[in-house]
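Please read the structure below before turning to the comments.
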Amino acid sequence: MRPVLVINSGSSSFKYQLLDVDTTRVLATGLVERIGLGLGQITHDTLGVKTERTAHFDNHTVGFEAMLEAFKEQGPDLEKFAPIAVGHRVVQGGSRFFEPTIIDDVVEINIEELSQLAPLHNPGALQGIRAARKIFTRVKHVAVFDTAFHQTMPPASYTYAIDTEVAKQYRIRRYGFHGTSHSYVAKKTAEFLGKPLNDLNMIVLHLGNGASACAIRGGKSVNTSMGMTPLEGLVMGTRSGDIDPAILFYLNRVAGYDVDALDRLLNTKSGLLGLAGSNDMRDVAGRAETGDEKARLAIEVYALRIRHYVGAYYAELGRLDAIAFTAGVGENSDTLRLATLENLESIGIQIDNERNSARSRSSRLISTDSSKVRVLVVPTNEELEIAVQAAEAAE
């Protein structure tokens, strides 16, 4: 047994999960909320037995102490199931981190410095790292970066066509995100198809409230839709995805939008929410079925953007063996999957409607037997991927 504790920390909360990487069994999960915001709550779940407790968590260290107490009271026993590593999800690793990295003081400094590129994510992750290192002093801590998987992209894929000196000075380039999920799903797709990962060309579509497409050749990312930030690319729950940048200049000139207002517009008031009034695909799809025109258009825009990237990555890869849908929308919306890929027989994609509409939590094929491109639904498991990568790095 090789237990790993996985931490996903934000500025005022953190999720945790204790997994055995040998069996992939989840031993416990939990959530500490409202850190530094008055009365908070910890929820601890051991094999389906859930307990909740309210308390004041002045900082992340106090939150981790509460987590230890929950393990002590409810289990599993962290002496019997002692973690061999603590894996930390970190969103932005810049160009510096291209693999899971043992955390020391220098790595902490680098993560803090990279907060300029991910001000909403890296600071919270760093708070969790510092608190966890105080609590778990005898075990290695490993940073697993969302951006690391995409460090294999060639320069032509990650370079923006702006002044090179400006780009160099301010580290402007495509970094990509959801890398942990794309990596996991790529490996699971190869496993399902019974083919070596190195021999496959595939497109992974991670479709949740945040969404991204990734072109993968031989297990390595060669292009991805998210860019310097998670705003670029596909239509998302509240993010616009690709947009003519001159629209921002226009709104500034004619409507007086300042930088903060433009940021809020594109990141929190756009996407499905901006088009249909809801960022939940289930709500939007349900309304579209009843004839709601805004909802219907939102789905068409959402699906068309994905088709755009599928076509682009098909051309870039030269040969396409598989497409894998994953994450909340990708795994659960058969309507969206069909809208995205229907009528693409000319490039070898044929969807089997019965397979596509079947409900399952397992990896499954949704294309026809005669489809040249195999289309799958592959549930993602970012926590397990972080645990596996952390264990490998710590050993």
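Where a number appears in this text, it was derived from the coordinates with a stated rule and is not lab data. Quick caveat, the model's predicted, so the values are computed rather than measured. Here Cβ is always computed from backbone atoms with ideal geometry, including for glycine, and neighbour counts include all displayed protein chains.
Out of all DSSP beta bridges in region 195-382, what portion is antiparallel? Express it as a percent rounded to 5.
Close to 60 percent.
Relative to the first principal axis of the alpha-carbon coordinates of the chain, what is the inclination of helix 293-317, with its axis defined by its Cα atoms, in degrees from 0 to 90 and to the nearest 10?
The helix 293-317 is inclined about 90 degrees to the chain.
Over region 3-145, calculate the relative contact order: mean separation of alpha carbon pairs under 8 Å at least 6 apart, over the residue count, as a percent.
Across region 3-145, relative contact order equals 27 percent.
Return one number: the angle in degrees, 0 to 90 and rounded to the nearest 10, between the long axis of the Cα atoms of helix 60-74 and the longest principal axis of the Cα atoms of the chain.
80
Could you tally the net charge around Ala276, taking each other residue with its Cβ under 15 Å from the Cβ of Ala276, Lys/Arg +1 and Asp/Glu -1?
So the environment of Ala276 carries a net charge of +1.
Report the gain in length on full extension from Asp199 to Ser357: 0.36 nm times residue separation, minus Cα-Cα distance, nm rounded to one decimal.
54.0 nm
Tell me, what is the FRET efficiency for Val301 and Arg138 to the nearest 0.05, using R0 = 45 angstrom and their Cβ-Cβ distance as r?
E between Val301 and Arg138, to the nearest 0.05, is 0.30.
Would you mind computing, in nm to one decimal, how far apart the modelled labels at Ala261 and Asp20 are, each placed 7 Å from Cα along Cα→Cβ?
About 5.8 nm separates the two model spin labels.
Identify which of Asn252, Asn198, Asn59 has the largest mean-square fluctuation in a Gaussian network model of the chain, with springs joining Cα atoms closer than 10 Å.
Asn252
Would you mind classifying region 3-145 by shape? Square roots of the alpha carbon gyration tensor eigenvalues, ordered a ≥ b ≥ c; an a/c under 1.5 is rounded, otherwise it is prolate if a/b is larger than b/c and oblate if not.
Since a/c reaches 1.5 but b/c is at least a/b, the shape of region 3-145 is classed as oblate.
Looking only at Asp292, Asp260, Asp242, which one moves most when the chain is put into a Gaussian network model with springs between Cα atoms under 10 Å?
For the chain, modelled as a Gaussian network with Cα springs under 10 Å, the answer is Asp260.
Specify the angular offset, from 0 to 90 degrees and rounded to the nearest 10, of the alpha carbon long axis of helix 179-193 from the longest principal axis of the alpha carbons in the chain.
Between helix and principal axis, roughly 70 degrees.
Using a Förster distance of 56 angstrom, determine the FRET efficiency expected from the C-beta separation of Leu37 and Ser370, and round it to 0.05.
0.50
Need the C-alpha centroid separation for region 194-225 versus region 13-49, integer Å.
Region 194-225 and region 13-49 have Cα centres separated by 29 Å.
Given the C-alpha centroids of region 291-314 and region 84-160, what is the distance between them in whole angstrom?
Between the Cα centres of region 291-314 and region 84-160 lies a distance of 33 Å.
Take Ala167 and Leu248, extend 7 Å from each Cα along the Cα→Cβ direction, and tell me the distance between the two endpoints in nm.
1.7
What is the order of Asp146, Asp244, fewest Cβ neighbours within 10 Å to most?
Result, fewest neighbours first: Asp244, Asp146.
Could you check what % of the DSSP bridge pairs in the chain are antiparallel, to the nearest 5?
70
If each DSSP helix of 4+ residues adds -39,500 (n - 2.57) and the sum is divided by the residues in the chain, what number results at 222 nm, nearest 500 deg cm²/dmol?
-11500 deg cm²/dmol
Arrange the following residues from fewest to most other Cβ atoms within 10 Å of their Cβ: Arg287, Arg307.
Placing the least packed residue first, the sequence is Arg307, Arg287.
At what distance in angstrom do the alpha carbon centres of region 318-395 and region 59-82 lie from each other?
36
Which one of Ala261, Ala186, Ala213 has the biggest mean-square fluctuation once the chain is modelled by GNM with Cα springs under 10 Å?
Highest fluctuation among the options: Ala261.
Set the bar at 23 Å for Cα to Cα. Now go through Lys50/Lys269; Lys140/Lys187; Lys15/Lys50 and name every pair that lies beyond it.
Lys50/Lys269; Lys140/Lys187
Can you compute the FRET efficiency between Ile347 and Lys80 using 1/(1 + (r/R0)^6), with r the Cβ-Cβ distance and R0 = 51 Å? Round to the nearest 0.05.
0.45
How far apart, in nm, are the 7 Å Cα→Cβ label points at Glu293 and Thr51?
5.7
Taking the number of other C-beta atoms within 10 Å as the exposure measure, put Leu384, Leu304, Leu320 in order starting with the fewest.
Arranged by neighbour count, lowest to highest, Leu384, Leu304, Leu320 become Leu304, Leu384, Leu320.
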